[in-house]
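One structure is given here, and the rest of the page talks about it.
The values are calculated or read from the model by the stated rules, or taken from the named source; none is laboratory data. Just so we're clear, the structure is a prediction, and the values are computed from it rather than from any experiment. All Cβ positions, even for glycine, are placed from backbone atoms using ideal geometry, and neighbour counts span all protein chains on display.
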Amino acid sequence: MDWNLVSESFWPITLGGLRGTLPLALMSFAIGLVIALGVALLRLSPNRLLSGIARAFVSVVRGTPLLVQLFVVFYGLPSVGIVVDPWPSAVIAFSLNVGGYAAEVIRAAILSVPKGQWEAGYTVGMSNARTLRRIVLPQAARVSVPPLSNTFISLVKDTSLASLILVTELFREAQQIAAFSSEFMLLYLEAALVYWVFCTVLATGQDLLEKRLERYVAH
């Protein structure tokens, strides 16, 4: 094993993760949550048209590979006159993907809130929208933290696909160094190690957050 190469490449690969992977994941996840909330509320709408549109969106996102979605945005849209740069293309594809998966998580979390909570809001004169915002969503948010955290951790790993459209992130840095040094196995294992460290730190943060939220759950 070439330890000099390992030591010299570790920081550039890690920096690629800090500057590329994590910001890409955070931005996509934040936008994806906004999409997911909107889709989840549409899924719960009594309007069949709106509910059907949201259901179709979820079905398409969950039924097609993320790589295909990424290629449709970056390589497909230019064929209809819409050219999007690599970074925004990755954000769009990842955000839509998170939106499709997280929508079902949020919908299930909202449905898990007892109906009595809605009735309590109506009793004190709250409108449907205010009851949702002030009473239901805060409780649903607590329930949805574990699955949404898992979605974010998965997204951090999925951002490696962005290297295929030339976005500079963790895996792209490893690819470039591997191509120059021809040490593909070594560099890819090193990239895997950095991903593992990132995800382990995030998983630890997830555990701490869940324990903190448990304090507010009545037993």
Inset, instruction - Give the residues of the stretch 132-151 that are of a type in the set (S, T, N, Q) and either at pLDDT below 80 or under 10 Å from Val113 (Cβ atoms) (or both), sorted by residue number. - result: Gln139
Inset, instruction - Mind listing whichever residues of the stretch 109-131 are at pLDDT 80 or above, surrounded by 16 or more Cβ atoms within 10 Å (Cβ to Cβ) and not polar (S, T, N, Q)? - result: Ala109, Ile110, Val113
Inset, instruction - Within the stretch 86-124, work out how many residues are over 19 Å from Val143 (Cβ atoms), of a type in the set (A, V, I, L, M, F, W, C) and within 11 Å of the chain's Cα centre (by Cα). - result: 4
Inset, instruction - Could you give me the residue pairs with C-beta distances under 6 Å whose first residue belongs to the stretch 103-123 and is touching a residue at least 40 places away in the same chain (Cβ under 8 Å), whose second residue is among the β-branched types (Val, Ile, Thr) and surrounded by 12 or more Cβ atoms within 10 Å (Cβ to Cβ) wherever it lies, and which are 6+ apart or on separate chains? - result: Ala103/Val39; Ala103/Val58
Inset, instruction - Taking Gly52 as meeting all but one of (1) surrounded by fewer than 15 Cβ atoms within 10 Å (Cβ to Cβ); (2) closer than 22 Å to Asn150 by Cβ; (3) small (Gly, Ala, Ser), write down the number of the exception. - result: (2)
Inset, instruction - Would you check if Trp87 is part of a helix (DSSP H, G or I) and crowded, with 18+ Cβ neighbours inside 10 Å? - result: yes
Inset, instruction - Sort out which residues of the stretch 56-84 are part of a helix (DSSP H, G or I), aliphatic (A, V, I, L, M) and free of Cβ contacts under 8 Å to residues at least 60 places away in the same chain, and write them in order of number. - result: Ala56, Val58, Val60, Val61, Val68, Val72, Val73, Leu77, Val80
Inset, instruction - Using the structure shown, decide if Phe184 is within 20 Å of Ala36 (Cβ to Cβ) and either of a type outside the set (Ser, Thr, Tyr) or surrounded by fewer than 17 Cβ atoms within 10 Å (Cβ to Cβ) (or both). - result: no
Legend entry - Residues satisfying the stated conditions in the stretch 40-72, i.e. under 15 Å from the mean Cα position of the chain (by Cα) and more than 30 Å from Glu173 (Cβ to Cβ): Val58, Arg62
Inset, instruction - Would you mind stating whether Gly63 is among the small types (Gly, Ala, Ser) and at pLDDT 95 or above? - result: yes
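Please find, within the stretch 1-39, the residue that is surrounded by the fewest Cβ atoms within 10 Å (Cβ to Cβ) out of those that are aromatic (Phe, Trp, Tyr) and modelled with pLDDT under 90.
Trp3
Among the residues that make up the stretch 158-179, is at least one of them in a helix (DSSP H, G or I), over 26 Å from Met27 (Cβ atoms), over 17 Å from the mean Cα position of the chain (by Cα) and touching a residue at least 60 places away in the same chain (Cβ under 8 Å)?
No, there is no match, as no residue in the stretch 158-179 is in a helix (DSSP H, G or I), over 26 Å from Met27 (Cβ atoms), over 17 Å from the mean Cα position of the chain (by Cα) and touching a residue at least 60 places away in the same chain (Cβ under 8 Å).
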